[in-house]
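Below you'll find the structure, written out as structure tokens, and then a few comments.
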Amino acid sequence: MEGTAHHALSYIEFGVTDLAATRAFYEAAFGWRFNDYGPSYSGIRAADGEGEIGGLNPGAEPSAGGPLVLLFSDDLDASVTAVQDAGGAVIAGPYEFPGGRRFEFTDPSGNRLGVFSGA
């Protein structure tokens, strides 16, 4: 992905129980704009309208611990290995998603993060 740095914080994903209501809330409260991917996902557009900075995912449970933070990777398989070698636990994936692949892991303190790569 152009302009995305390897292993930099890149995207924040919110689990939601009602996509339409949550989207309407952020539009009204903060003026956020979205890219819709049907009833299963809304991407949060960057303030300049170029790209996305996050998303609303009705397929993920809302977390009392906060939204899912995603890092970008130039080499997803190497990132999986690096996480495991550093003592992290891969808890999902790698799996395909529209636009690329990703996996999710927990760090030694139990924080859940994700790493994605472009198609």
Additional length obtainable on full extension of the chain from residue 27 to residue 95, 0.36 nm per residue less Cα span: 21.5 nm
Residues whose placed amide H lies under 5 Å from that of residue 74, excluding near-sequence neighbours: 7
Acute angle (nearest 10 degrees) that the helix 76-85 long axis makes with the longest principal axis of the chain, alpha-carbon atoms: 60 degrees
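Net charge near residue 79: determine it from the other residues with C-beta under 14 Å of the C-beta of residue 79, scoring Lys and Arg +1 and Asp and Glu -1.
Working: positive: 101, 102; negative: 74, 75, 77, 85, 104, 107.
Here the count lands on -4.
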Cα-Cα separations in segment 61-119 greater than 20 Å, expressed as whole percent: 21 percent
Gaussian network model of the chain, Cα within-10 Å springs - most flexible of 107, 48, 74: 48
Segment 48-70 residues near the modelled residue 111 label - backbone nitrogen below 18 Å, point 7 Å along Cα→Cβ: 63-70
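Run through every distinct alpha carbon pair of segment 3-97 and return the Kirkwood hydrodynamic radius in angstroms, one decimal place. Can you show the working numbers first?
Numbers: mean 1/r = 0.0680 Å⁻¹.
When all Cα pairs of segment 3-97 are included, the Kirkwood radius is 14.7 Å.
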Contact order normalised by residue count of the chain, Cα under 8 Å, 6+ apart, percent: 26 percent
Sum of side-chain charges, residue 112 neighbourhood, beta-carbon under 13 Å (Lys, Arg +1; Asp, Glu -1): -3
Table column - 3J(HN,Hα) (Hz), segment 103-119, Karplus curve with 6.51, -1.76, 1.60, x for Gly and Pro: 9, 10, 8, 10, 7, x, 8, x, 5, 9, 9, x, 10, 10, 9, x, 5
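The numbers here are math on the coordinates, done by the rules we state, and not lab data. If you're wondering where the values come from, they're calculated on a predicted model, not measured in any experiment. Note that we place each Cβ from the backbone using ideal geometry, even for glycine, and neighbour counts take in every protein chain shown.
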